[in-house]
Amino acid sequence: MSVKVAVQGALGQMGQQVIKAVAEAKDLELSGGCDAKATEGFLSINGNTIFLSSNLETCLDKTKPDVIVDFSLASAVPQTAETAARAGVSLVIGTTGLSPQVLARLEELTHEYNIGIMVAPNFALGAVVMMELARTASKYLDWAEIIELHHEKKADAPSGTAIATARMMQAARDVPFESPKDEADYKSRGEEFYGVPIHSIRLPGLVAHQEVIFGALGQTLSIRHDSISRESFMPGVLLAVREIAKRRGQFIFGLNKLLGF
C-alpha cells in the first residue's frame, strides 16, 4: 500500500521539489499541499495537479495523508505539528532554526498522539556523510572551524547543518577544541557553537555548502559538501517519508539515524 503524502510550504522552492519527487515515486501518493499564500482549489505544480489550501486543517481533512512534509518557516512549525498530530498525521520536517523547546514539544507529540516525527538539519545524503566524517576526524584533531555558505534568502544563520555538525564534533571528544589563547573578541572570527567557530556566508548563486577545516602541526584537513541543486535533498526526503510512516511513536532527529551511522 502506498504512503499518502501532503506538502506544507507547497509553493516554495523546496516544496515544489518535494511535490515533484513524491509524484515520481511509485510507492508514494501525492495527496495535497498547503501554503500560506495559496488560494483554495486544485492547482498544477510541476505538471502535478493537487488540492491546495492555505488552511492546514482543511488540507488534511480533504486529502487524508499519512505523512506531511514541512519545508516552511520555523515560526510555523509548532502550529503545523500540533494540527498534524491531532489529525494522526506523521511529519517529516526540513525547516531549520527550531529551538530546543520546539524540538522537545515535537518529541512529546509523538508519544501523545502516536505519530512519527522526523527532523533533519540536512536531507542531502552527501551532507550527512560529511557530518559523520567530521565527527570521526574530531577524535584525532584538536583545532576546527566551519564555513557554511547558503543562498541569500535563507532565514537562519548559522545553518542547522553547521550547528548539528559542531554538536556531533564536540560529542566525539573528551576535551574541548583548542582556540587561540590570546584571541580578542572579534566578530569576524565567527560565532562559537560547541566550541567550534562557524562562519556564515549568504550570497545569490549559492544553494547549500559546508566546509569543515581541521588544523594540526604542519597539516590541515578539509571536508566539504556542496548541494548545487535542491534535487540533492530529495532522496533523503523520500527515505524519511517511507521510514517515518512505519515508526509511529518515534521522534528521530537527523538523517544519520536512518543510515546506520
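Numbers for the structure displayed
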quantity	calculated
So Glu57, is it touching a Ser or Thr at 6+ places or on another chain (Cβ under 8 Å), farther than 27 Å from Lys246 by Cβ and not assigned by TED's automatic domain parsing to the domain that holds Thr165	no
Failed condition for Ala162, given (1) at pLDDT 95 or above; (2) assigned to a strand (DSSP E or B)	(2)
Flag for Phe177 being in the same structural domain as Ala137 (by TED's automatic domain parsing), free of Cβ contacts under 8 Å to residues at least 40 places away in the same chain, closer than 14 Å to Arg135 by Cα and hydrophobic (A, V, I, L, M, F, W, C)	yes
Residue within the stretch 122-140 that is of a type in the set (Ser, Thr, Tyr), modelled with pLDDT of 95 or more, surrounded by 17 or more Cβ atoms within 10 Å (Cβ to Cβ) and under 25 Å from Gly97 (Cβ atoms) present	yes
Residue within the stretch 25-41 that is of a type in the set (Gly, Ala, Ser), in the same structural domain as Gly88 (by TED's automatic domain parsing) and in contact (Cβ under 8 Å) with a residue 40 or more places away in the chain present	yes
Residues of the stretch 43-69 satisfying the condition of being under 15 Å from Gln16 (Cα atoms) and either free of Cβ contacts under 8 Å to residues at least 40 places away in the same chain or in contact with a Cys (Cβ under 9 Å, 6 or more places away or on another chain) (or both)	Leu43, Ser44, Ile45, Asn46, Gly47, Asn48, Thr49, Phe51, Leu52, Ser53, Ile68
Scope the stretch 17-42; condition buried (at least 19 other Cβ atoms within 10 Å of the Cβ) and either farther than 20 Å from Ala84 by Cβ or touching a helix residue (DSSP H, G or I) at 6+ places or on another chain (Cβ under 9 Å) (or both); matching residues	Gln17, Val18, Ala21, Val22, Leu28, Leu30, Ser31, Gly32, Gly33, Cys34, Asp35
Selection from the stretch 50-83 of residues that are within 21 Å of Met234 (Cβ to Cβ) and more than 15 Å from the chain's Cα centre (by Cα)	Ile50, Leu52, Thr63, Pro65, Asp66, Val67, Thr80
Residue match in the stretch 101-113 (condition: closer than 27 Å to Lys154 by Cα and loosely packed, with under 15 Cβ neighbours inside 10 Å)	yes
Total residues in the stretch 149-172, condition within 15 Å of the chain's Cα centre (by Cα) and not basic (Lys, Arg)	12
Check on Ala171, closer than 30 Å to Glu82 by Cα and not assigned by TED's automatic domain parsing to the domain that holds Val18	no
Output for the stretch 105-117, where each listed residue is farther than 16 Å from Gly254 by Cβ and outside any helix (DSSP H, G or I)	Asn114, Ile115
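Results for (1) of a type in the set (D, E, K, R); (2) in contact (Cβ under 8 Å) with a residue 60 or more places away in the chain; (3) more than 27 Å from Lys62 (Cα to Cα), shown as yes or no for each residue.
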position	(1), (2), (3)
Ala74	no, yes, no
Ala81	no, no, no
Ala85	no, no, no
Thr96	no, yes, yes
Arg105	yes, no, no
Glu108	yes, no, no
Ala124	no, yes, yes
Thr136	no, no, yes
Leu141	no, yes, yes
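The values are calculated or read from the model by the stated rules, or taken from the named source; none is laboratory data. Since this is a predicted model, take the numbers as computed values, not measurements. In this analysis, Cβ positions are derived from the backbone assuming ideal geometry, glycine residues included, and neighbour counts consider all displayed protein chains.
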